Structure formats: C-alpha cells, structure tokens
Amino acid sequence: MQIFGILFNISQPSFEAGYPKRVFYDARDIPNLPCARCGKKMLPKLEAENFLSKIRPSLRRCLKKLQSLKDIKEYQLLEELAEKYPRENIDQILSHQSSFASKPINKQIPEFIINRIKAVTFNASAVVRKLQKYRKYMSETNLELLDIMEIYAKKYPNLTLLEIITHPEVYGYHKRMVKMEKDTLEVKSQRVFKRMERIAEKMGKGKNEELKVLNLETLRVIQNRTNYDDTDECLENLYEDFISKINNRKDADKFKKLVKELPFAKTNPHRIIVKAAENHSPFGIIYHFFDRTNTFEHIKPKSQKGVNLQHNGIYMCADCNTKRGTTPYKKLFLKSADFGTFVQKQASMIMRYIMRGKLIRYDFYPQEVKKTLYEESGHIFKLDIKKYLKSQIEKSQAEIQKRKESCKKADEELRQIKKELTNLIQRQNALNSNQAKNNQKLIYEENKLNNYRQSLHEEENYG
Ligand SMILES: [Zn+2]
C-alpha cells in the first residue's frame, strides 16, 4: 500500500461529458473509481497527498510550538533553516538535501527530533475544518471520529491534534472506553470458552489445561485484532491442531462451530484515538480519515513474491487493502458474490477511461489483469473484457486504415517526384553533353585563333 509519497499540487479536476478534462497516468488518480472490495467511491491518491502536504505547518511555526527543543544543541541550525525557508515545512526542507550545510540536514538532526517536528499539525480546529470536505469519502466510524474531534476542537481551540489526544482527560476517557470494550469481548469469549472446555473435559485433564492456554492466546487476538478478512481463519488456525486431536467426530464438529461463535473487535474511534496517542502520532488519526483513498492492491501478495507491476494490481480503498491482508483471491471470490461484481465494475470504468484516451499507458492492462485474476482466483473468476477488446480492435483497424491511406498518398507523391526527377536527369544529361561539345568547339576555335595570330606576327616581322 503506497498512498503518501511525493507531494503534488493539482487543482480539482474539471469535468467534460462525464470525464475529467485532464488525462491520467495512474489509475489511483481517477476520481470516484469504485473500490474492488467494498464498491464505494474512492478518493484519488493525489488529492489525499495534497491534503496531507497542507496540514503540516512551516518549520517556523512548528518551532514556536516546540519551545522545549530550545535546549538541544541543534536548535540553532533549526532556527537558521526556519529563517532560510520561512514558508516550508520540515518535509520540504529535508527534500532540499542541504545545499546549505556540508552534511544532509537529516544526518545533522537526530531522528527523534525530526519526528517530533513532523508530529506538529495545525490547530485541531483548522484540521477538522479542512477535513469536512472529505466527509463523502468517510466510513461510519470515521464520521463518528470526526464528530468527536470536532467537539474537542471546539473545547481546545488552540491545541494541535497531538496535544488533544495526549491530553490526560481525553486520553484517559478513550482508554477507559477501549478497556470496557475489551472487557465485553472477554465476557462474550468466556461463554464460548466454557462450552469448549466441556468438550475438552471428556478428553482428560491434560487436554483441558492445553485448551486453557490456547484460549488465553485466543482472547488476546480477539481483544487486539480488528476485523480483517481472515479474522475467522486466523481463529480457526489457532484451534486447528487441537481439533485434529478430538477423536469423537461429533465433538470435533461441535468444537468447530464454537470457534465460529467467537466474537471479534471492530475498529472504533476510541481504539484509533488511543493508538494514535500512544504512538505520539496525530497522523495515525489523519490517515484514518483517508481510509477510502485509492491504493494499489497486489493481487498476488508481495509476501508471496507478487510483483509491484500494473498487471498484478487492482485498486482498493486503503481500508479494504489493509483488511484483505494476504487472504487468497479464491477465498474472497467464494466468500462474497459482490467481490466479482465490484472488480468487474472497477475494471469496466478503467477500460472506459482507456478507450476515451483518458488513461495513458494502460492499453494492455485489461488483458493482463484478467489473466492474473484468473490464475489467483484458482480459475474461477473471468473478467469480461469483450467490449473493450472489440472497441480496441475497431480503433486499431481505423488507425491501420488511416495509416494505409496516408501510405498510399505518400506513394503517389513519391511516384510523381520520381517521374519529375527522371525528366530532370534527362535534361541534365542533355545539357551536359551539349556543354561538352561547346567546350571542345571553344578550345578548337581558340587554338585556331592563336595559330592565325602567330602566323600574322611572323608575316609582319620577317615579311
Ligand atoms: Zn473498499
């Protein structure tokens, strides 16, 4: 997943017959492309990056917020940099790679200081105001989170996001809420664990002890892992060994069913706030607001040697991309009929963009991605690209026809020129031969003249 790379400045795309006026070189920038997993419209990658580049204040403003840094020995250098680049934030300044000092700036200033500077955002009220524009791209959880942040921004108008989430009152409250949720999950899990233990009792005392250890591990997963596509699978894997040792078939089946009854945690604003506060990273929250940003999703996961190339990718919102993890595509297709529909919907939109000449350098993407999807889905998913191929064939044929005609025209012109050239060469030859004759005659006459003059001269002198 790569969302936050180099920062660009682009203006909002203006539309023309349903398509933006500009052309795209990356499918992640197509406005409102539907996510391949949840089908929701995604926020173009550049727009997210553009937002993120704007919420980091200049180094000069950061230093005002970080008075405690005054005691470090690198402070003077920071001040000099802030003076030299008064409008730039630390990222922009670091990107200059210091023509200013002999050593790159990031080598001269300790990383933890740079991270502290990077964690400074504008005041929460300004950030929250800017975020309102992206509401249509936010999940229920994020809308709830934004509402909570809005309340805090009103309560603490001069604080940054980081100052708010690490405020003892705020952090304490959300920490308690997370604790309560974890307690609820524990109560729910314990009910299932008890029924599991009843089955294990029949297998002897040792088995029950083994199960208790296993359940403790499971509880930790349940309390800390939010809903991924493979959460159920993850829990099944935990018990796989144990189940294989249950001799009674009926009991084994009963046990398997119980595993499916285990609860699991969902992402919620409290978890997001606590985690961001503990990591001292306000961006932990901000990135969350952008969880519907268009990201490249490796069909064959990177961890299984899936390459970082166009043909191995479809596009998912950041949230779905994270949740997919490395779940095999075969499972995704089998688990939800919608998945195939959304993948097709997205590919169709991409194909329309290519056909319109709005997406460049993707001409072979539909065929290639079809092949990858077919292979990775265990030969169950076939992307429909007929319409695209037909249109591309028509376009190619028209192009060939156009080229043929212009070849024919050029041929005709060449023939004409050749004819004219032949005529000219003939005329040139005739003139050449005439010229030669003239020259010969000229020399002959000149000799004759000299001869006569010589004779006359002799006549006059000796006559
Ligand atoms: Zn999605």
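Would the stretch 138-153 turn up any residue that is over 28 Å from the mean Cα position of the chain (by Cα) and among the hydroxyl-bearing types (S, T, Y)?
Yes: one or more hits.
Scan the stretch 310-336 residue by residue and report those that are within 15 Å of the ligand (Cβ to nearest atom), polar (S, T, N, Q) and buried (at least 18 other Cβ atoms within 10 Å of the Cβ).
Result: N321, single match.
Here is a yes/no grid of residues against (1) among the polar types (S, T, N, Q); (2) in a loop (DSSP other than H, G, I, E, B); (3) modelled with pLDDT of 90 or more:
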| residue | (1), (2), (3) |
| --- | --- |
| Y228 | no, yes, no |
| K254 | no, no, yes |
| V259 | no, no, yes |
| P263 | no, yes, yes |
| I272 | no, no, yes |
| A276 | no, no, yes |
| S281 | yes, yes, no |
| Y315 | no, no, yes |
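If the requirement is being within 16 Å of the ligand (Cβ to nearest atom) and acidic (D, E), which of these qualifies: E49, E88, E140, E150? Spell out how you get there, then give the answer.
On the way: E49 fails: within 16 Å of the ligand (Cβ to nearest atom); E88 fails: within 16 Å of the ligand (Cβ to nearest atom); E150 fails: within 16 Å of the ligand (Cβ to nearest atom).
Every option except E140 fails the conditions.
Can you confirm whether K300 is more than 16 Å from the ligand (Cβ to nearest atom) and not in a helix (DSSP H, G or I)? Please lay out each step first, then the result.
Details: more than 16 Å from the ligand (Cβ to nearest atom): yes; not in a helix (DSSP H, G or I): yes.
So K300 fits the description; yes.
Just checking, which of N123, N50 is modelled with pLDDT of 85 or more and touching a strand residue (DSSP E or B) at 6+ places or on another chain (Cβ under 8 Å)?
Numbers: N50 fails: touching a strand residue (DSSP E or B) at 6+ places or on another chain (Cβ under 8 Å).
Criteria check complete, one pass: N123.
Under the condition of being closer than 23 Å to L373 by Cα and of a type in the set (D, E, K, R), which residue from the stretch 19-64 is surrounded by the most Cβ atoms within 10 Å (Cβ to Cβ)? Show your work before the answer.
First, pick out the residues of the stretch 19-64 that are closer than 23 Å to L373 by Cα: 25-30, 32-42.
Okay, now just the ones that are also of a type in the set (D, E, K, R), so 26, 28-29, 37, 40-41.
Values: D26: 17, R28: 21, D29: 20, R37: 24, K40: 16, K41: 15.
Within the stretch 19-64, the match that is surrounded by the most Cβ atoms within 10 Å (Cβ to Cβ) is R37.
Within 16 Å of the ligand (Cβ to nearest atom), within 24 Å of A124 (Cβ to Cβ), modelled with pLDDT of 85 or more and outside any strand (DSSP E or B): is that true of A36 in this structure?
On the way: within 16 Å of the ligand (Cβ to nearest atom): yes; within 24 Å of A124 (Cβ to Cβ): no; modelled with pLDDT of 85 or more: yes; outside any strand (DSSP E or B): yes.
No: the conditions fail for A36.
Checking the structure you have, find out if any residue of the stretch 319-340 is in contact with a strand residue (DSSP E or B) (Cβ under 9 Å, 6 or more places away or on another chain) and more than 21 Å from P301 (Cα to Cα).
No, the stretch 319-340 contains no residue that is in contact with a strand residue (DSSP E or B) (Cβ under 9 Å, 6 or more places away or on another chain) and more than 21 Å from P301 (Cα to Cα).
Examine the stretch 365-373 for a residue that is in a loop (DSSP other than H, G, I, E, B), surrounded by fewer than 16 Cβ atoms within 10 Å (Cβ to Cβ) and in contact (Cβ under 8 Å) with a residue 40 or more places away in the chain, and state whether such a residue exists. Lay out the reasoning, then the answer.
Of the stretch 365-373, the ones in a loop (DSSP other than H, G, I, E, B) are none.
Among the residues of the stretch 365-373, not one is in a loop (DSSP other than H, G, I, E, B), surrounded by fewer than 16 Cβ atoms within 10 Å (Cβ to Cβ) and in contact (Cβ under 8 Å) with a residue 40 or more places away in the chain, which makes the answer no.
The values are calculated or read from the model by the stated rules, or taken from the named source; none is laboratory data. All values derive from a computational prediction rather than experimental measurement. FYI the Cβ positions are ideal-geometry reconstructions off the backbone, even for glycines, and counts take in every protein chain you see.
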